[in-house]
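Laboratory data are not the source of any read-out in this text; all were calculated from the coordinates shown. Note that the structure is predicted; figures quoted are calculated from it, not measured. A quick note on method: Cβ atoms are made from the backbone with ideal geometry, for glycine too, and the neighbour counts reach across all protein chains shown.
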Amino acid sequence: MPTLHERALGAYLGLAVGDALGATVEFMTAREIAIVHGVHREITGGGWLRLRPGQITDDTQMCLALGTAILAHSEWNLGAVADAFVEWMHGRPVDIGNTCRRGIRRYLRDGSLEAPPSDHEAGNGAAMRNLPVVIVNVADEPAMLARSLAQARITHHNAASDEATLTLARMTRTLLLGGSLADCSHLAEDLVARHPRFRFRPYPKRTSGFIVDTMQTVLDAFFHSDSFEDCLVLAVNRGGDADTIGALVGQLAGALHGVDAIPARWLARLDPAIHRAVREQTDALLRHGGQPC
Ligand code: MN
Ligand code: MN
């Protein structure tokens, strides 16, 4: 059984390798991927962003920004989180979602820490960056849920985004604490029971950046494969928002199987500075949350 530390590291490095693996095929269809790559299973860079092999994108970068803001203050500080997103955006990131950009600009304009409610701004930008909140608050579920929602709403104030962010947080926390796939399955079923639009069986085969599509793809891959590698390969070969799908399924599969289940060839390819930053931040977040590591 992996330890909490091995699971947390598995989740965070899983997210980063999923981002790096998926980015190559982001916005391609499954058919196009099959024609160009056969099965895409190596971290090669390229893609529409013309990445270096092992380079990561906004998914991992926003996590690191959020984690850095958490660690800079002894208490939870939402303003510091928003400031970290500003600093990240001003660093000219390789990619940024529209809703994220709009939300960060609104904060810059009026200082407000919550986007106005929106029925249509239901991208996956809030859910994809939430892992540091889960790790640091692993011992305190109510705090984890409240803070997940608060960071999400800096840019995304939408019921589907909220539900997905909170469900992923609950699932990831359950796995970090040693929970099983069956425990996660209950949480996913609970989401579908309350919000049937998230139903993922039979798999609807939609992979846009719409959070409902993303969740369905992530949950289908997570519950239908039994190794870390198979899970990520299945997920990113669906195409669409493949880096974010890869990141989120990497987060779950890494939390379930632990860091030792991540293929060594993928970790070796990951940008070394990012690899180091993720390891250091994972340790620091666990310590910050009062956990041994
Ligand atoms: Mn991305
Ligand atoms: Mn993406």
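Of Gln216, Pro116, Leu176, whose Cα points farthest to the positive end of the dipole of the chain (charges on the beta-carbon: +1 Lys, Arg; -1 Asp, Glu; origin at the Cα centre)?
About the Cα centre, the residue reaching furthest to the positive side is Pro116.
Classify region 1-148 as rounded, prolate or oblate from the Cα gyration tensor: take a ≥ b ≥ c as the square roots of its eigenvalues, call it rounded if a/c is under 1.5, otherwise prolate when a/b beats b/c and oblate if not. Don't skip to the answer; put the middle values down first.
Details: a/c = 2.04, a/b = 1.33, b/c = 1.53.
Since a/c reaches 1.5 but b/c is at least a/b, the shape of region 1-148 is classed as oblate.
Mind checking which of Leu21, Leu187, Leu166 has the largest fluctuation in a GNM of the chain, springs on alpha carbons under 10 Å?
Of Leu21, Leu187, Leu166, the Gaussian network model singles out Leu187 as fluctuating most.
Of Asp260, Asp19, Asp110, which has the largest mean-square fluctuation in a 10 Å C-alpha GNM of the chain?
Answer for the Gaussian network model of the chain: Asp110.
Count charges around Pro53 for me, please; just the other residues with Cβ under 12 Å from its Cβ, Lys/Arg as +1, Asp/Glu as -1. Numbers along the way, then the final one.
Numbers: positive: Arg50, Arg52, Arg265, Arg269; negative: Glu42, Asp271.
Taking every Cβ under 12 Å from that of Pro53, the sum is +2.
Using the count of nearby Cβ atoms within 10 Å as a rough guide to exposure, how do Met89, Met128 rank from fewest to most?
Working: Met89 19, Met128 31.
Listed from fewest to most nearby Cβ atoms, that is Met89, Met128.
Give, rounded to the nearest 20 debye, the magnitude of the charge dipole that region 55-179 has about its Cα centre when Lys and Arg contribute +1 at Cβ and Asp and Glu contribute -1 at Cβ.
On the way: 11 positive and 14 negative charges, 38 e Å.
Computed about the Cα centre, the dipole is about 180 debye.
Distance in nm between label sites at Cys293 and Arg201, each 7 Å beyond Cα in the beta-carbon direction?
It works out to 3.5 nm between the two label points.
Provide the net charge surrounding Glu32, with neighbours chosen by a C-beta distance below 13 Å and charges set as Lys +1, Arg +1, Asp -1, Glu -1.
Numbers: positive: Arg31, Arg238; negative: Glu26.
After counting each charged neighbour, the total is +1.
For the chain, what percent of Cα pairs sit more than 34 Å apart? If you can, show how the numbers build up before the last one.
Values: 4305 of 42778 pairs.
Tail of P(r) above 34 Å: 10 percent of Cα pairs.
Based on Cβ point charges of +1 for Lys and Arg and -1 for Asp and Glu, what charge dipole magnitude is obtained for the chain about its Cα centre, in debye rounded to the nearest 20?
On the way: 28 positive and 33 negative charges, 93 e Å.
Value, rounded to 20: 440 debye.
In a Debye calculation with equal point scatterers on the alpha-carbon sites of region 166-224 and no solvent, what is log10 I(q)/I(0) at q = 0.26 Å⁻¹?
-1.13
Specify the residue with the greatest mean-square fluctuation among Val192, Val17, Val136, computed from a Gaussian network of the chain linking alpha-carbon atoms under 10 Å apart.
Looking only at Val192, Val17, Val136, the largest GNM fluctuation is found for Val192.
Region 22-103: D in µm²/s via Stokes-Einstein (Kirkwood Rh, Cα pairs, 20 °C, 1.002 mPa s)? If you can, show how the numbers build up before the last one.
On the way: Rh = 14.5 Å.
Answer, rounded: 147 µm²/s.
Quick check: Cα centre of region 21-90 to Cα centre of region 192-229, how many Å?
First find each Cα centre; the distance between them is then 20 Å.
Let me spell out the model: positive unit charges on the Cβ of Lys and Arg, negative unit charges on the Cβ of Asp and Glu, origin at the Cα centre of region 103-246. What dipole size does that give, in debye rounded to 20? It would help to have the intermediate numbers written out before the result.
Numbers: 15 positive and 18 negative charges, 73 e Å.
Charge dipole, region 103-246, about its Cα centre: 360 debye, nearest 20.
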